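Here is the structure we will look at, set down as structure tokens.
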């Protein structure tokens, strides 16, 4: 694998706190892998054989229902960590929503490396706690927010996470991004029908908060109003 120092998510990924020598050892364990849109990297219920850093692209975490339906339980972005260190089984499938690139490590080798590097274990703990906070926020959104508030919240998160810097935007500036999910998938994530998603997007566009130049593109024109709507509950 190429030198980790050249990685575009080097300063934001799970390995950010490692020294150059430690990164060199870690790089010998991993390999870069291209994942095509629609390709599944990890299957729910399978033995947890790998973990990975997302370098480029967007992937979804999905759980299958007994009747064959899929519930999307999360979306991961560049610099996010996927997989289950120190675990024996994958709790969800990981499938690419866009063409993606990931840095893949055999789970057992990564576990052994992490045990020898407390800083990395600390980072894993921090990520776990952050994901727990995000899950609690997701429960609030699904349980209490209206359809318009859910859409506003989701668009803001996508805009922030798809920003190259990885930093949340605070100024009321115009930003543009490509939706990594279609309207049906957005509905699956938010617990809404495709009709409701389309209706709410049109409503936000009519209000001047966003623009929709095409089926996939979103322009946030009035971030402040969109934030006020997202936090209305």
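Considering only residues in the range 116-146 that are closer than 30 Å to residue 31 by Cβ and touching a helix residue (DSSP H, G or I) at 6+ places or on another chain (Cβ under 7 Å), the one that is surrounded by the most Cβ atoms within 10 Å (Cβ to Cβ) turns out to be 120. Scanning the range 156-187 for residues that are more than 15 Å from the chain's Cα centre (by Cα) and either in a helix (DSSP H, G or I) or at pLDDT 85 or above (or both) gives 175, 176, 182, 183, 184, 187. None of 177, 154, 105 is closer than 29 Å to residue 24 by Cβ, touching a helix residue (DSSP H, G or I) at 6+ places or on another chain (Cβ under 7 Å) and touching a residue at least 24 places away in the same chain (Cβ under 8 Å) except 105. Take residue 148 and decide whether it is in a helix (DSSP H, G or I) and touching a residue at least 24 places away in the same chain (Cβ under 8 Å). Against the criterion (in a helix (DSSP H, G or I) and touching a residue at least 24 places away in the same chain (Cβ under 8 Å)), residue 148 qualifies.
Take the conditions farther than 14 Å from residue 103 by Cα and touching a helix residue (DSSP H, G or I) at 6+ places or on another chain (Cβ under 8 Å) and apply them to residue 51. Does it pass? No; evaluated as a whole, the condition is false for this residue.
Would you please name the residue that is nearest to residue 32 (Cα to Cα), looking only at residues in the range 83-102 that are surrounded by 15 or more Cβ atoms within 10 Å (Cβ to Cβ) and in contact with a helix residue (DSSP H, G or I) (Cβ under 9 Å, 6 or more places away or on another chain)?
Restricting to residues being surrounded by 15 or more Cβ atoms within 10 Å (Cβ to Cβ) and in contact with a helix residue (DSSP H, G or I) (Cβ under 9 Å, 6 or more places away or on another chain), the top hit is 83.
Among the residues examined, residue 108 qualifies as surrounded by fewer than 16 Cβ atoms within 10 Å (Cβ to Cβ), outside the structural domain of residue 189 (by TED's automatic domain parsing) and at negative phi.
The values are calculated or read from the model by the stated rules, or taken from the named source; none is laboratory data. Here the structure is a predicted model, which is why all the values come from computation and not from measurement. Glycine also receives a Cβ, built like all others from the backbone with ideal geometry; neighbour counts cover every protein chain displayed.
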